[in-house]
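Q: Let me give you the structure first, and then I'll get to my questions.
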Amino acid sequence: MDNKSSTFFSRSIDQRGKPRGSKKVLDKALVLDIAMNLNRIGNWAADSFKNKQKRIRFFLDQTNGYIDSLNKTSFSDKFKKTFDNFLNDYKLLRQEGNLNSKNNEIWGEKMMTWGNILTHRSKLI
């Protein structure tokens, strides 16, 4: 992956390709990468959903990979509740995105809202 498409690798993998930091540090980096992707997706959706659909789908897929890579058992109880709520909403938002949501601005705002929530709540991991 190149530097433009992935922030996870630039922060969490050393030059030899080995994971850097504890599992909590890696999970926090992944959550922040998810948050960043949600904000990117939300901005593109609100500004020009039709023109950015391919890019949006790429980042949705990448976000799914990040979610699957998380060790959710390391989350504090406070953050786990937030992340579980996010997963429930994200599943629905992902389905709406696949259906070419008619109200792209609202869809994008929801993605950005979750990006902001995860950024701030990641301190609780």
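Q: Inspect the stretch 18-27 for any residue being at pLDDT 95 or above and not small (Gly, Ala, Ser) and give the result as yes or no.
A: no
Q: If you don't mind, there's one more thing I want to ask. Just wondering, is there one or more residues in the stretch 84-100 that are surrounded by 13 or more Cβ atoms within 10 Å (Cβ to Cβ) and not in a helix (DSSP H, G or I)?
A: The answer is no, given that none of the residues of the stretch 84-100 is surrounded by 13 or more Cβ atoms within 10 Å (Cβ to Cβ) and not in a helix (DSSP H, G or I).
Q: Inspect all residues belonging to the stretch 113-123 and state whether any of them is more than 23 Å from Lys24 (Cα to Cα), assigned to a helix (DSSP H, G or I), β-branched (Val, Ile, Thr) and at pLDDT below 95. So that I can check it myself, show each step before the final result.
A: Within the stretch 113-123, the first condition is being more than 23 Å from Lys24 (Cα to Cα), and the residues that meet it are 113.
From what's left, assigned to a helix (DSSP H, G or I): 113.
Okay, now just the ones that are also β-branched (Val, Ile, Thr), so 113.
Now drop any that are not at pLDDT below 95, which leaves none.
Taking every residue of the stretch 113-123 in turn, none turns out to be more than 23 Å from Lys24 (Cα to Cα), assigned to a helix (DSSP H, G or I), β-branched (Val, Ile, Thr) and at pLDDT below 95.
The values are calculated or read from the model by the stated rules, or taken from the named source; none is laboratory data. The structure displayed is predicted, hence computed values, not measured ones. No Cβ is skipped: glycine too gets one built from the backbone with ideal geometry, and neighbour counts run over all protein chains shown.
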